[in-house]
1. Using Cα positions and a limit of under 19 Å, work out the lysines in reach of Lys63, with same-chain residues fewer than 8 apart set aside.
2. Just going by the charge dipole of region 2-100, with Lys and Arg at +1 and Asp and Glu at -1 on Cβ, which of Ile48, Ser30, Asn97 is farthest out on the positive end?
3. Hey, what angle do you get for helix 2-27 against the long axis of the chain, alpha-carbon based, 0 to 90 degrees rounded to 10?
Amino acid sequence: MFYRIFFRRLYKERLCSVESKLEEVRLGRSKEYLGPLEKLQENMRIRIEVTAKLREYRLQNLKHKADAEEIGGLQNYEVREVQIDRSFFSHYRTRNNTKCM
């Protein structure tokens with residue numbers, strides 16, 4: 001009988017203690033939870049900053065690649081144009097030189 005009363009009282013005290021701590025957490029007054037919460041929020045802020053920078057660098061990298069492709073295509077076009085002109089004129093000169101003889 002004594003043990004039942006003792007355990008019920010112990011249960012009620014612990015329940016009351018847990019409820020009061022839970023209320024402190026809800027109100028934002030519990031120091032044992034605020035410290036880890038602040039660390040967690042700081043880590044989250046840092047991760048968001050790192051992710052934003054990573055996204056910025058990836059977009060910048062894609063822009064550089066697109067610019068390089070555009071420049072490479074333009075240079076290729078210019079080189080091919082010069083090659084075709086040289087080929088055409090050398091063929092034309094060869095043809096005109098053989099007719100004159």
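Read-outs: derived from the displayed coordinates by stated rules, not from any lab. This is a predicted model, so every value here is computed, not measured. FYI the Cβ positions are ideal-geometry reconstructions off the backbone, even for glycines, and counts take in every protein chain you see.
1. Lys53
2. Working it through, the farthest residue towards the positive pole turns out to be Ser30.
3. Its long axis makes an angle of about 40 degrees.
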